[in-house]
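Contents: one structure, followed by commentary.
The values are calculated or read from the model by the stated rules, or taken from the named source; none is laboratory data. No experiment lies behind these values; they were computed from the predicted model shown. Using ideal geometry, Cβ is built from the backbone for each residue, glycine included, and neighbour counts are taken over all protein chains shown.
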Amino acid sequence: MTEHTDPADPARRDLLLGAGLGAAALGMLPLSAEALLAQATPEWDKTFPRSARVDHRKVAFTNRYGIALVGDLYLPKEHRGALPALAIAGPFGAVKEQAAGLYAQEMAERGFAALAFDPSYIGESGGVPRYVASPDINTEDFMAAVDFLGLAPEIDRERIGLIGICGFGGMALNAAAPDKRVKAVAVTSMYDMSRVMAHGYNDAMSGEARQAALEAMSRQRWEDAASEAAPERAGGLPDSLEGIDNPVIAMYHGYYKTDRGYHPRALNSNGGWNTTSPLSFMNMPQLTYLDEISPRPALIIAGSEAHSRYFSADAYARAAEPKELVIIEGADHVDLYDRKEIIPFDRLQGFFETHLA
């Protein structure tokens, strides 16, 4: 696999200047969708095998904030007529070459146009500084994907749905609520990133711990602003599990840090998010208008053994009809990233065939 290096890295900076891209490549001006597409990795660099039943091409589009996004568009071979389409992203801290691409290729085999995309600031998509997340901008990224799909000649713009995985499950629900072009939404191993960052797992963060975290991140902003280097990163998963007995860390390590799911552009496989990324999530709740997805349907899928299952249960309780909650017995959170024998693709296919008819 080929590494797509960080635009903030000095070596990468010199390379871009030498190529004549100048200030735009350095973030003073945003790179256009066309420029990012030209830089995108041309070879197959996914964590899953390529399907002979699907056509694939790189695409690029721009969100409402002017950030260019790069995606992989998967189409069933020899399709006829305008296709129903799905925009797919996640997990949080992953890239489109991992779970989102696997889902997209599988759904394309089943007759859908499927767009797996890198959200703003990560992977092959634009945005400077790198490795930052936003509940607003990342929700907008899904809406921008709908913009792109609705203009693509292969696609029926009245039959567009969303699939969100992990933290981008919450983003997908958040996007579907106001964006009435979305006809159906499905999420797997969903996280509400605002909730977990603001209150901790199982809402166990104390008020004192919350204030201490906000104090530290607030002061880190001065450090980042004063430095000519890229903003401080929080650090990713450990390279080794020696001395670690946390089952959640072990579970994530088994995907992101091994041949099963490692990718050189994935934050979770490498240095993690910027230290200050949680600030906006801790201040801006997601899913406030979850009930406004109705009367369009929502399918919420979680593993019975997932530490994150409570996010799905609570989202289902808050959503209005029509809605479905599917619990996959024996599955943990990460099983729904790539275990094709466990992920209920037949259920996803039936759901979207019914509601994107």
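List pairs: first in the stretch 263-286 and touching a residue at least 40 places away in the same chain (Cβ under 8 Å), second in a strand (DSSP E or B) and buried (at least 16 other Cβ atoms within 10 Å of the Cβ), Cβ under 6 Å, 6+ apart or cross-chain? Listed pairs, sorted by first residue: Gly271/Arg233; Gly272/Arg233; Asn274/Arg233. Filtered by the rule that a residue be of a type in the set (Lys, Arg) and in contact with a helix residue (DSSP H, G or I) (Cβ under 8 Å, 6 or more places away or on another chain), the stretch 327-357 gives a lone residue, Lys340.
Results for (1) surrounded by fewer than 23 Cβ atoms within 10 Å (Cβ to Cβ); (2) closer than 22 Å to Leu36 by Cα; (3) touching a Pro at 6+ places or on another chain (Cβ under 9 Å), shown as yes or no for each residue.
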| residue | (1), (2), (3) |
| --- | --- |
| Arg110 | yes, no, yes |
| Glu124 | no, yes, no |
| Gly127 | no, yes, yes |
| Cys166 | no, no, yes |
| Thr188 | no, no, yes |
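For beta carbons closer than 6 Å, sequence separation of 6+ or different chains, a first residue in the stretch 194-213 that is on the phi < 0 side of the Ramachandran plot and among the small types (Gly, Ala, Ser) and a second that is surrounded by 14 or more Cβ atoms within 10 Å (Cβ to Cβ) and modelled with pLDDT of 95 or more, the qualifying pairs are Ser194/Pro135; Ser194/Phe281; Ser194/Gln286; Ala198/Met282. Would you confirm whether or not the stretch 27-38 contains a residue that is closer than 12 Å to Glu97 by Cα, under 22 Å from the mean Cα position of the chain (by Cα) and modelled with pLDDT of 90 or more? No.
Within the stretch 163-181, can you find the residues that are farther than 17 Å from Tyr103 by Cβ and touching a helix residue (DSSP H, G or I) at 6+ places or on another chain (Cβ under 6 Å)? Across the stretch 163-181, the qualifying residues are Asn174, Ala177, Asp179, Arg181. Taking the stretch 74-94 as the range and being out of contact with any strand residue (DSSP E or B) (no Cβ under 9 Å at 6 or more places or on another chain) and modelled with pLDDT of 95 or more as the test, only Gly93 passes. When the stretch 314-334 is filtered for residues that are in contact with a strand residue (DSSP E or B) (Cβ under 7 Å, 6 or more places away or on another chain) and surrounded by fewer than 21 Cβ atoms within 10 Å (Cβ to Cβ), the ones remaining, listed by number, are Tyr316, Lys323, Glu324, Leu325, Val326, Ile327.
Report yes if Ala225 is over 18 Å from the mean Cα position of the chain (by Cα), among the small types (Gly, Ala, Ser), surrounded by fewer than 16 Cβ atoms within 10 Å (Cβ to Cβ) and assigned to a helix (DSSP H, G or I), otherwise no. It is true that Ala225 is over 18 Å from the mean Cα position of the chain (by Cα), among the small types (Gly, Ala, Ser), surrounded by fewer than 16 Cβ atoms within 10 Å (Cβ to Cβ) and assigned to a helix (DSSP H, G or I).
Before we move on, is Arg57 farther than 17 Å from Val187 by Cβ and assigned to a loop (DSSP other than H, G, I, E, B)?
On the way: farther than 17 Å from Val187 by Cβ: yes; assigned to a loop (DSSP other than H, G, I, E, B): no.
Answer is no for this residue.
For first residues located in the stretch 316-343 and over 27 Å from Ser51 (Cβ atoms) and part of a loop (DSSP other than H, G, I, E, B), partners that are modelled with pLDDT under 95 and of a type in the set (Ser, Thr, Tyr) and lie 6+ apart or on another chain with Cβ distances below 8 Å do not occur. When the residues of the stretch 138-162 are filtered to those that are assigned to a strand (DSSP E or B) and in contact with a helix residue (DSSP H, G or I) (Cβ under 8 Å, 6 or more places away or on another chain), the one that is nearest to Gly93 (Cα to Cα) is Leu162.
Out of Arg260, Arg265, one residue alone is crowded, with 18+ Cβ neighbours inside 10 Å and either assigned to a loop (DSSP other than H, G, I, E, B) or over 19 Å from the mean Cα position of the chain (by Cα) (or both). It is Arg265. Yes or no: the stretch 100-107 includes at least one residue that is modelled with pLDDT of 90 or more, surrounded by 15 or more Cβ atoms within 10 Å (Cβ to Cβ), among the aromatic types (Phe, Trp, Tyr) and in a loop (DSSP other than H, G, I, E, B). Checking the stretch 100-107: not a single residue is modelled with pLDDT of 90 or more, surrounded by 15 or more Cβ atoms within 10 Å (Cβ to Cβ), among the aromatic types (Phe, Trp, Tyr) and in a loop (DSSP other than H, G, I, E, B).
The condition of being within 25 Å of Gly271 (Cα to Cα) and either in contact with a Phe, Trp or Tyr (Cβ under 6 Å, 6 or more places away or on another chain) or in contact (Cβ under 8 Å) with a residue 12 or more places away in the chain (or both) holds for only one of Asp179, Asp224, that being Asp224.
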